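*Asks:* Here it is, the structure, as structure tokens.
The values are calculated or read from the model by the stated rules, or taken from the named source; none is laboratory data. In this text, all values refer to a predicted model and were calculated from it rather than measured experimentally. Cβ atoms come from the backbone with ideal geometry, glycine included; neighbour counts cover every protein chain shown. Ligands, DNA and RNA are excluded from the accessible area calculation, which covers all protein heavy atoms including side chains. Shrake-Rupley method; radii C 1.70, N 1.55, O 1.52, S 1.80 Å.
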Amino acid sequence: RSRAWSTVVFVRDEVMLKQLVGRVSSLTLFRPLSTEAAAVPVASSIFSREELRADEKKNIVAKYGRFEGDTGSPEVQIALLTWRINYLTTHLKVHKKDKHCTKSLLQLVADRKGHMQYLRKENPTRYEEILKELGVRDTQNQKR
């Protein structure tokens with residue numbers, strides 16, 4: 001007899017919520033904990049967090065890859081790192097004292113910065129496009 005494990009999934013938009021509705025046995029929407037997390041419905045589901053991450057990763061690779069199955073290009077790497085950074089940021093809003101997660105987040109930001117510097121050097125037009133699509137700020141041109 002198999003057990004169904006319940007996981008909590010943060011849904012960013014209605015499209016993702018509609019995709020989840022067909023895959024979950026029960027769906028519960030909660031009010032956000034704070035005004036910062038407004039309009040973020042939460043779904044309780046029976047599929048694993050790894051399965052959701054795999055689906056998200058496939059969608060990101062398909063959207064930002066230069067060709068089918070492209071996982072190594074700088075655009076895909078920057079998009080995947082940005083998704084993980086956003087995911088950890090939402091986690092840290094709830095769990096403020098999670099030091100391990102904080103260290104991981106700082107490492108991901110540093111990795112993304114390296115990929116962005118490489119892309120900026122190799123192809124500035126693609127660099128500008130990826131910044132606009134992902135909504136990431138250009139830290140190279142900021143004054144300190």
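*Asks:* For region 71-134, what number results from the quotient of the Cα radius of gyration and 2.2 N^0.38 Å? Can you show the working numbers first?
*Replies:* Values: Rg = 13.0 Å, N = 64, 2.2 N^0.38 = 10.7 Å.
Working it through for region 71-134, the quotient is 1.22.
*Asks:* Enter the accessible area of residue 70 (Å², nearest 10), with the probe set to 1.4 Å and all protein chains included.
*Replies:* Looks like 10 Å² after rounding.
*Asks:* Right, another one. With +1 assigned to the C-beta of every Lys and Arg and -1 to the C-beta of every Asp and Glu, and no other charges, what is the dipole magnitude of region 71-134 about the Cα centre in debye, to the nearest 20?
*Replies:* On the way: 12 positive and 7 negative charges, 91 e Å.
Approximately 440 debye in magnitude.
*Asks:* Moving on to the next point. Have a look at 85, 104, 134 and report the one farthest towards the positive end of the charge dipole of region 75-144, computed about the Cα centre with Cβ charges (Lys/Arg +1, Asp/Glu -1).
*Replies:* The residue sitting most towards the positive pole is 104.
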